[in-house]
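Have a look at the structure below, then the notes.
No lab work stands behind these numbers, since they all come straight from the coordinates. Owing to the predicted nature of the structure, the values given are computational and were not obtained by experimental measurement. So basically every Cβ, Gly included, is an ideal-geometry build from the backbone, and we count neighbours across all protein chains shown.
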Amino acid sequence: MMKHSTYKLSIGFLLVFLYTFKVSASIHEYKDEQFIPKSNAFFFHGGTEGLYASKSSSNASSDKPLEGKSFIRFEDVVFLRTKESANAKNEMQSRTGLIETIILEVRDRERFGDAFAKSDALCCTPKLAQEKFCTVGEVIIQHNQDNPLWPLRIETFFEGKNQEANMLPKTVEIKSTGMYYLYFMFCDPELKGTIVRGRTVWKNPDGYLPGRMVPLMTFYGLASLAYLVLGLFWFLRFVQFWKDVILLHYQITAVIALGMSEMALWYFEYANLNATGSRPMVITVWAVTVTAVKKTLSRVLLLVVSMGYGVVRPTLGVTSKVFILALTYFVATEALELVEHLGSINDFSRKTRIYLVLPVVFLDASFILWIFSSLSKTLEKLQMRKSMAKLDLYRKFTNSLAIFVLLSIAWVGYELYFNASDPLSELWRISWIIPAFWSLLAFSLLVVVCILWAPSSNPTRYAYSGETGDDYDEEAISLTTGVRVIIDSGTKLERKEKKGSVSTDHVTDPREDPEEDKRE
C-alpha cells in the first residue's frame, strides 16, 4: 500500500513539475534544451495544453486536410548527444541510442511508469522485462484498452556514432478532449548530456489558441462592448452637463477609456494568437502596459475620491505620496503582467512570479488601507459640517467599496483553493473564470463610481463649497434654480449692514434701482 502511494506521488510530482514549466503559446520552441533526471529516467517537458477533440472529418476539404482538426505537429526536432557518448558506440550498429516522445493525457497518468510493482520507476527493469510487461531500456507505458494507441510513444534512434538523431516529421491528431502533456525521455544513462532542438505546433479545431484561453477571447470581446456602452452613456451625460463637470469627471473618463482600450487590445491579442499560433509581442506589450496603467489609475481614482478631493477639500495635500505609491504600483504591476503573459513563452520560473506577486499584493493592501482610512476621515468631516447630501453619497460609496473588498478576499480564497485542488489543471475548461472575475469586478466598481458621481445640473452635491461652518444645505437646492441660496445670501448681507449702522435711521436697500434715484 505504501509503495502504491509512493508510485502515485512520484507520477503526480512529475506531472506537476512539468506543468510548472508550461508554455502557453501554441508554437513551442526548443533551443538546446537539457534533459532533467527523474527516478531512473531523463526527461524534457515539451508542452502542456488543453486540447478539444477534432471536429467531424466531413468538415475538412481535400486541399486542407487538417481543417477542423486538433493536433500536435513535430517540426525539425533534433536530438544531439555528446561526443563522448557517440564515440563509445559501435559504428556498425544501426541503433545506438533511443529517445522516446511521450504524449500523455492527464487522465491516463496512472498508465505511465511502474504500476505493477507499485514503485516510482519510469523505465523498464529486467524483472518487469522477464514478466513481459515492458522492454528494457524503454519507458513503461500501459496502453488504454479502450484506446490502444494512448498514451502515445514515438521512438527516435541514434545510428552508429552519429551525434544527431532527427525525429521524422509527424502530426498527431487529437480525437479526445483533455489536458495533454508532451515530453521527451530516455532511459540510457550514457545519453546524459543530450539536448533537443526544434519545435512543436499545437492546434485546436478552431485555431491555435490554447483550450483554456478560448473562452477568454469571447469574454474580452464582450467586455469591450460593455465598456463601449458605459463610455457612450457617460459621454452623453458628460456633454449634457459639460458646464457643470469637475476634475473628477475627467479622471473617470480616462479610466473608462483605458478600460475600453485594455479589453480591445486583449481581444485582438488573443485573436492574433488564435490565427497565427504565436503571440504578437507589440500588441501584447501594449496590452500589458495599458492594463498596468488602468489598474494604477483606478486605484488612484478611488483614493482621490475617498480623500474627498474636490468635495470637501480643494487640494490633496499629499500629492507626492500618492505619486510615489502610484508609480511603484505601476512598475510592480507591469513586471508581473509581463511575466504572466510573456514569461510563459520565455519559460520564466514560478519563483520569479512569486517574487513579483508579493510586491503587488503589498501595494494593493496599502491602497486599501489608505482608501478606507481616508473615507473614515471624510465621513467624519462631512458629519461635523452637516453636509447631509455629501454624507449620504459617501456612505453609499463606502458600503459599495466594502462589498467589493469582501468579494475580492473571498475570491482570493477560492482561487487558492482552486489551484491547490487542481495541480494538474484537469479543470482547464473553467479556469478562465479566474482572470475574468477580476476584470468583471473592476468594471462593476467603475459602474458604481459612474452612477454615484455622474455629471448633473446640481454639481454642488459633490463639489467643494468652502471650509466655512455655514455650508449650504445641498438637499435644499433645486435642480433648476438657486433661489434659496440667493435669499439666504441677501438676508446675511442685510443683517451685516444693520450691525454696521446702528445709529443710522435709513438703511439702503441694495436692490433699489440707481436709475430711479437719478430721475428723482
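Shape of the stretch 143-222 from its Cα gyration tensor (a ≥ b ≥ c, root eigenvalues): rounded if a/c is under 1.5, otherwise prolate when a/b > b/c, or oblate? Numbers along the way, then the final one.
On the way: a/c = 2.86, a/b = 1.88, b/c = 1.52.
Prolate is the answer for the stretch 143-222, as a/c is 1.5 or above and a/b outweighs b/c.
Would you please give the residues with an amide H less than 5 Å from that of ASN144, counting only those at least 5 places away or on a separate chain, with H modeled from the backbone geometry?
TRP150
Could I have the simple spin-label model distance between GLN130 and LYS175, label points 7 Å from Cα toward Cβ, reported in nm to one decimal?
3.8
Spelling out what I want: for every residue of the stretch 269-274, take phi, set θ = phi - 60°, compute 6.51 cos²θ - 1.76 cosθ + 1.60 (Karplus), and round to whole Hz; glycine and proline get x.
5, 5, 5, 5, 4, 5
Say a paramagnetic label sat at a point 7 Å from the Cα of VAL361, along Cα to Cβ; which residues of the stretch 413-427 have their backbone N under 15 Å from it?
Answer for the stretch 413-427: 413-420.
What ³J(HN,Hα) values, in whole Hz, does the Karplus curve 6.51 cos²θ - 1.76 cosθ + 1.60 give for the stretch 180-188 when θ = phi - 60°, with x put for Gly and Pro?
10, 10, 10, 8, 9, 9, 8, 10, 7
Say each of ARG95 and LEU222 gets a label point 7 Å from the Cα, pointing the same way as Cα to Cβ; how far apart are those two points in nm?
5.3
Could I have the simple spin-label model distance between LEU407 and LEU440, label points 7 Å from Cα toward Cβ, reported in nm to one decimal?
Roughly 0.9 nm, to one decimal.
Pulled fully out, how much extra length does the chain show between VAL447 and ARG153, if you take 0.36 nm times their separation in residues and subtract their Cα-Cα distance?
Values: separation 294, 0.36 × 294 = 105.84 nm, distance 5.35 nm.
Contour length minus Cα-Cα distance gives 100.5 nm.
Give me the extension gain from GLN142 to LYS192: residue separation times 0.36 nm, minus the current Cα-Cα distance, reported in nm with one decimal.
Working: separation 50, 0.36 × 50 = 18.00 nm, distance 2.56 nm.
This chain segment gains 15.4 nm when fully extended.
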